[in-house]
Amino acid sequence: MGDVFVARPLMPPIDEYFEEVKSIWETKWLTNVGHKHNELEKKLCDFLGGAYVGLVVNGHAALELAIQAYGIEGEIITTPFTFVSTANAICRVGAKPVFCDICENNYTIDPDKIEKLVTTKTKAILPVHVYGNICYVDEIKRIADKYGLKVIYDAAHAFGVRYRGKPVSCVGDSSCYSFHATKVFNTIEGGAVCTNNYEIYKKICVLRDFGINGEGDTIAIGGNAKMNEFSAAMGICNLRHISDAILYRKAMAELYDSLLEDIPGIRTNTVQENVESNYSYYPIIINPNEYGHSRDDLFIELQKHDIWTRKYFYPIITEMPAYKGKYECDTPIAKSISEKIMTLPMHDSLSKEDVGRICEIIRSYYRY
Ligand SMILES: *Cc1c(COP(=O)(O)O)cnc(C)c1O
């Protein structure tokens, strides 16, 4: 039996992609906001339900540019339970991350702990939707309104997630997406800022192109974060298959749930009320006292069977060498979760047999 990977990219049939890129040989327009780019922006507006979608070269750029577009310096409240990109983006644009703890049940920022971190320097909250679970968006909005803060979501895990029947990008001031190969929807590398604010959208367009505006004037100090036509074409194709891909992930997640539910010490993820998840990851929490082995033990055991899982997110940001000791961080729940969590293989080329085999290994490794 071959390796089972933790993630595999969504890829359209090759002929569909060839068909999509053919016209690029006629136009010879490879990048700089071409036809494919504009078509994908338009299609994503519909899919994500935002008024404006600014495509960029990757999810990290989406975060940096969104923060810059709002002109945010000062403090931004976020969590340490995320991919390092979130905190790096805050630091790299000259703002300061302030780390808030997360909730035990869904791993997103704990709204009850945000307010005591607000100071006169706080300018924004940058919550992270995690694994397809969404943040407490209503509570976050209430706090942001009370203190006049912007809310920029890191929605890298939330493509296609819906809350109360609407795409989750409708909440907050902006949502930043990643279209990296390992995400639910990919453009090989890519990302986008989704917003209802036209001014912010225009700023993203300028900032992604060195700060040059439509008239050719350089009006901001921007970098180069443009998405090329081949990536956009990949996105156009993948968008045709995304709903099926999410349904398939849902079926695999439900199969995992049913096969793991009675193993002591293994906790699976619960889909939230009023949320349609995208099942972007399949996290499990291992309680070593009940299961008889630690997360790290199980990670190695699965690896022995060529099953590749991921300690994700581990370590928390503030334990990473680049961050350690530099920021105050009172986030015991984030730390404890990061030491017990792993994500199991989840993608649209995973088979039922793979899931069955993975769960059987987890079951027979149970110690008592
Ligand atoms: C993937 C990811 C990013 C970065 O996106 P890239 O497209 O890889 O630059 C940021 N935040 C989170 C939570 C992510 O998972």
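The values are calculated or read from the model by the stated rules, or taken from the named source; none is laboratory data. Given the structure is predicted, the values throughout are model-derived calculations rather than measurements. When we count neighbours, we look across all protein chains shown, and the Cβ atoms used for this are built from the backbone with ideal geometry, even at glycine.
Checked against the criterion of being out of contact with any helix residue (DSSP H, G or I) (no Cβ under 8 Å at 6 or more places or on another chain) and within 16 Å of Phe313 (Cβ to Cβ), the candidates Tyr131, Tyr107 yield just one match: Tyr131. Checking each residue in segment 165-189 for being more than 8 Å from the ligand (Cβ to nearest atom) and of a type in the set (Val, Ile, Thr) picks out Val168, Val171, Val184, Thr187, Ile188.
Would it be correct to say that Gly265 is free of Cβ contacts under 8 Å to residues at least 12 places away in the same chain and touching a helix residue (DSSP H, G or I) at 6+ places or on another chain (Cβ under 9 Å)? Against the criterion (free of Cβ contacts under 8 Å to residues at least 12 places away in the same chain and touching a helix residue (DSSP H, G or I) at 6+ places or on another chain (Cβ under 9 Å)), Gly265 does not qualify. Evaluated against (1) farther than 19 Å from Ser336 by Cα; (2) at pLDDT 95 or above; (3) hydroxyl-bearing (Ser, Thr, Tyr), Ser169 falls short on exactly one condition, (2).
Scanning segment 45-91 for residues that are near the ligand (Cβ under 9 Å from one of its atoms), surrounded by fewer than 24 Cβ atoms within 10 Å (Cβ to Cβ) and in a loop (DSSP other than H, G, I, E, B) gives Val57, Asn58, Phe83. Checked against (1) among the small types (Gly, Ala, Ser); (2) over 28 Å from Asn269 (Cα atoms); (3) modelled with pLDDT of 95 or more, Ala51 passes all but a single condition, namely (3). Consider Ala192 carefully, then state whether it is within 11 Å of the ligand (Cβ to nearest atom) and outside any loop (DSSP other than H, G, I, E, B). Yes. The residue that is nearest to Leu350 (Cα to Cα), counting only those in segment 223-248 that are among the small types (Gly, Ala, Ser) and surrounded by 21 or more Cβ atoms within 10 Å (Cβ to Cβ), is Gly235.
Out of Glu254, Glu273, one residue alone is part of a loop (DSSP other than H, G, I, E, B) and at pLDDT 95 or above. It is Glu273.
Scanning segment 291-310 for residues that are assigned to a loop (DSSP other than H, G, I, E, B) and more than 20 Å from Arg367 (Cβ to Cβ) gives Asp306, Trp308.
The set of residues from segment 68-97 being touching a strand residue (DSSP E or B) at 6+ places or on another chain (Cβ under 7 Å), closer than 10 Å to Leu126 by Cβ and of a type in the set (A, V, I, L, M, F, W, C) comprises Ile72, Ile76, Ile77, Ala87, Ile90, Ala95.
Among residues that are touching a strand residue (DSSP E or B) at 6+ places or on another chain (Cβ under 8 Å), closer than 24 Å to Asp154 by Cα and charged (D, E, K, R), Glu64 is not included.
Which of the residues belonging to segment 6-29 are under 25 Å from Val184 (Cα atoms) and aromatic (Phe, Trp, Tyr)?
Hits for segment 6-29 are Tyr17, Phe18.
Whether a residue is free of Cβ contacts under 8 Å to residues at least 60 places away in the same chain, under 25 Å from the mean Cα position of the chain (by Cα) and under 21 Å from Val130 (Cα atoms) was assessed, and Tyr314 passes this test. Restrict the check to segment 224-232 and report whether at least one residue is outside any loop (DSSP other than H, G, I, E, B) and closer than 23 Å to Ile358 by Cα. No: zero hits.
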